[in-house]
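Heads up, the thing below is written out as structure tokens.
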Amino acid sequence: MKTITSWAIRIIAISLCVFHLYSGLVGPRVAPEQAAVHVALVLSLTLLIVPMLKSKPRVQWWDLLFIGMALAGSAYTFSNWRHFLPVMLGRANTLENIMALAMIFVVLEAGRRTVGWVFPCLTAACLAYALWGHYIPGYWGHAQFPFHYVMKTIFFSAECIWGFLTSLSATFIALFVIFGAILLTSGGGRTFIDLALILTGKYRGGPAKVAVVSSSMFGMLSGSSIANVATTGNFTIPLMKKLGYSPTFAAAVEAVASTGGLVMPPIMGTSAFIMAEFLGIPYLHIIIAAFVPAILFYTSVFMGVHFQAIKLDLQPVPAEQRPLAKDILTYPRISCLVIPIAVLIYFLLRGYSLTMVGAAACTAAILAHIFSDVSWSNMKERLRNMVPCLEAGGKALIYVGPVLVCANIVLGLLVGTGLAMKFSYLIVTVGETNMWLSLGILAFLVMILGCGLPSTAAYVIAVAVGGQLLISWGILPLAAHLFLFYYSIIALITPPVCPAVFIAAGIARAPWLPTGFTAVKLAPLLYLMPFIFVFDNTFLLKGPIPLILLNVPTAIFGVIILASGIIGQLIVKCKSYERLALVIAGLCLLTPGWQLDLLGAILAAAVIVRQILQRRKSAEAEIHG
């Protein structure tokens with residue numbers, strides 16, 4: 001039975017990859033048909049891989065029943081989607097209502113298996129509100145929706161299960177997930193780490209800098225902080241511990257660096273693709289706008305690691321543990337990484353659709369891997385290796401597909417029942433005319449959502465509740481969405497619910513709560529940056545060029561000063577009042593306005609001069625002593 005299940009998983013996973021590659025290259029089918037095939041294969045794969053009960057890891061009869069239900073619902077959609085609209089016409093018969101309920105149950109169960117109870121419970125709560133919310137008196141109630149109307153909206157329309165987010169998942173999001181999986185499983189993951197070792201391993205605090213660089217490169221392609229921590233962390237965390245970093249600090253560095261990959265172009269995770277569709281702008285615009293905040297974030301983390309290394313007098317990675325550049329910068333090693341990414345960027349810059357960009361990048365990754373060594377024996381070996389690569393690509397989709405289908409149900413019901421508008425009005429009422437207070441409340445709510453939901457789902461719900469609200473205040477739409485996007489991922493490293501920290505702390509064998517607080521200390525910019533670029537769009541490269549050229553370098557200097565103040569180390573170890581002055585200076589330099597920049601520069605210069613004099617005095621004392 002186990003062998004049959006393994007073969008079934010492999011066949012479905014590879015079929016899923018092949019279907020998306022084919023439809024990406026020749027053009028996808030009409031949206032409902034494309035979504036139906038995608039959902040059928042993803043749900044089947046999810047139900048085969050992830051058991052309902054941990055005590056029964058093998059496939060059970062109920063798994064086969066659920067797969068049958070998923071296939072039946074998807075097949076019905078594939079065959080009858082032309083009759084789905086308009087929703088208001090006709091009444092679903094008993095068989096259709098049963099099919100709708102069965103499909104809803106399977107989607108929620110697949111979501112529960114992959115992301116836990118919270119999100120499916122939220123989806124079920126939205127469904128219950130749609131069906132029985134008319135019993136709630138007053139403001140939070142709504143007009144009664146007939147049962148058949150709710151079922152038609154969820155299953156027999158393009159509003160929920162087969163809606164906007166599912167269509168995105170079934171087209172280019174799937175292709176980019178597959179691309180990341182192929183690139184990393186075909187040797188790219190190891191190459192990322194080796195390149196980071198070459199670039200930073202020979203410097204003081206090298207192991208942590210390797211974690212920052214490799215995690216940023218890995219994360220921007222994987223789109224998952226959890227996968228990032230689990231992959232790069234198994235190498236970088238033991239190396240950091242071995243060379244002097246505490247387990248808590250090592251785990252925090254890896255968790256923060258891995259989470260930052262979600263804001264690092266060119267891929268940035270699934271939320272960024274959804275953002276481009278929400279805003280109706282090319283994805284390239286998202287990449288350009290996100291570039292400076294991402295650079296500022298990683299500069300902050302990198303310098304925090306650097307100052308900690310100076311403070312603890314940590315050493316570089318030993319030469320025998322660093323790869324030689326001549327061994328890594330060879331065509332067989334580097335081509336598998338450079339060629340696919342170059343193709344991806346080229347197609348993005350030429351303005352091709354994201355589906356074509358993803359398909360071209362996947363194809364390039366496959367061909368680069370196969371032909372990275374043109375000897376016949378090696379080519380045959382690499383061809384055989386493509387089977388597990390494609391299988392990994394298909395398996396990676398089970399952590400994306402069910403989540404986006406559930407998110408589509410929640411989004412459709414929030415909008416359809418008017419609940420999203422009620423929450424928006426509540427935020428305005430609580431914040432009244434104070435935009436800062438309202439932004440703070442919204443940021444906190446999005447963080448709470450991110451504690452229980454995947455970051456993509458948290459972002460989608462946050463857009464439904466607060467997206468138009470922010471835009472109505474005159475905030476640039478791109479800045480508003482990036483604000484919500486940043487806060488949807490912050491929960492990944494913020495206690496008490498911080499999954500990236502849990503994974504990293506487990507690898508490091510460190511207590512998770514101190515690790516979480518250390519991660520927060522290392523990533524202040526992740527919390528501050530959204531408020532900064534909401535009120536000053538120059539950090540999104542929007543506005544007068546002279547102002548951009550002034551604000552961005554000033555902000556880079558600011559994040560370095562801020563990192564030194566938080567760690568307590570600049571030229572020499574900082575006294576408490578110097579730390580306070582450096583933190584204030586860094587915040588002033590980050591905040592737009594020449595007066596604050598001048599104040600920050602004066603404070604930073606005063607501390608730097610004092611520390612230079614102190615170091616000189618200490619050196620003279622050693623000589624005369």
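The values are calculated or read from the model by the stated rules, or taken from the named source; none is laboratory data. Quantities reported herein were computed from a predicted structural model and do not represent experimental measurements. No Cβ is skipped: glycine too gets one built from the backbone with ideal geometry, and neighbour counts run over all protein chains shown.
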- [ ] Could you please find all residues in the stretch 576-625 being more than 37 Å from the chain's Cα centre (by Cα) and charged (D, E, K, R)?
- [x] 610, 615, 616, 617, 620, 622
Task: Which numbered condition residue 415 misses (of (1) within 25 Å of residue 167 (Cβ to Cβ); (2) crowded, with 24+ Cβ neighbours inside 10 Å) - done: (2)
Task: Cβ pairs under 9 Å, 6+ apart, first in the stretch 151-164 and assigned by TED's automatic domain parsing to the domain that holds residue 31 and aliphatic (A, V, I, L, M), second part of a loop (DSSP other than H, G, I, E, B) and crowded, with 24+ Cβ neighbours inside 10 Å - done: 154/160; 154/161
Open item on the list: Scan the stretch 169-181 and tell me whether some residue there is modelled with pLDDT of 85 or more and among the polar types (S, T, N, Q).
Closed with: yes
- [ ] State yes or no: is residue 134 over 30 Å from residue 340 (Cβ atoms), over 30 Å from the mean Cα position of the chain (by Cα), modelled with pLDDT of 90 or more and not aliphatic (A, V, I, L, M)?
- [x] yes
- [ ] Run down 74, 23 and say which single residue is modelled with pLDDT of 90 or more and either more than 32 Å from the chain's Cα centre (by Cα) or under 29 Å from residue 146 (Cα atoms) (or both).
- [x] 74
- [ ] Determine if the stretch 398-414 includes at least one residue that is among the hydroxyl-bearing types (Ser, Thr, Tyr), under 28 Å from residue 30 (Cβ atoms) and at pLDDT below 90.
- [x] yes
TODO: For residue 388, indicate whether it is out of contact with any Cys (no Cβ under 6 Å at 6 or more places or on another chain), surrounded by fewer than 22 Cβ atoms within 10 Å (Cβ to Cβ) and outside any helix (DSSP H, G or I).
DONE: no
Open item on the list: Considering only the stretch 201-213, I want to know if a residue exists there that is at pLDDT below 80 and within 18 Å of residue 340 (Cα to Cα).
Closed with: no
Open item on the list: Going residue by residue through the stretch 456-463, is there one that turns out to be touching a residue at least 24 places away in the same chain (Cβ under 8 Å), under 23 Å from residue 127 (Cβ atoms) and surrounded by fewer than 22 Cβ atoms within 10 Å (Cβ to Cβ)?
Closed with: no
TODO: Return yes when residue 97 is more than 31 Å from the chain's Cα centre (by Cα), within 20 Å of residue 170 (Cα to Cα) and modelled with pLDDT under 90 and no when it is not.
DONE: no
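The rows are residues; the columns are (1) part of a loop (DSSP other than H, G, I, E, B); (2) buried (at least 24 other Cβ atoms within 10 Å of the Cβ).
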position: 268; (1), (2): yes, yes
position: 290; (1), (2): no, yes
position: 294; (1), (2): no, no
position: 301; (1), (2): no, yes
Open item on the list: Quick check on the stretch 271-291. Is at least one of its residues within 20 Å of residue 191 (Cα to Cα) and at pLDDT below 90?
Closed with: no
- [ ] Taking only the stretch 567-581 into account, find how many residues are buried (at least 24 other Cβ atoms within 10 Å of the Cβ) and either of a type in the set (Lys, Arg) or modelled with pLDDT of 95 or more (or both).
- [x] 0
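Matching residues to (1) aliphatic (A, V, I, L, M); (2) part of a helix (DSSP H, G or I):
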position	(1), (2)
323	no, no
355	no, yes
366	yes, yes
373	no, no
382	no, yes
- [ ] With respect to residue 440, determine if the residue is within 25 Å of the chain's Cα centre (by Cα) and surrounded by fewer than 18 Cβ atoms within 10 Å (Cβ to Cβ).
- [x] yes
Open item on the list: I'd like the full set of residues that are touching a residue at least 24 places away in the same chain (Cβ under 8 Å) and over 13 Å from residue 394 (Cβ atoms), limited to the stretch 181-196.
Closed with: 183, 184, 186, 187, 188, 189, 191, 192, 193, 194, 195
TODO: State whether the residues of the stretch 245-261 include one that is in a helix (DSSP H, G or I), within 28 Å of residue 397 (Cα to Cα) and over 19 Å from the mean Cα position of the chain (by Cα).
DONE: no
Task: Restricting the stretch 521-549 to residues that are without any contact (Cβ under 8 Å) to a residue 40 or more places away in the chain and part of a helix (DSSP H, G or I), the residue that is nearest to the chain's Cα centre (by Cα) - done: 527
TODO: Just give me the residues in the stretch 552-566 being crowded, with 24+ Cβ neighbours inside 10 Å and within 27 Å of the chain's Cα centre (by Cα), in sequence order.
DONE: 555, 558, 559, 562, 563
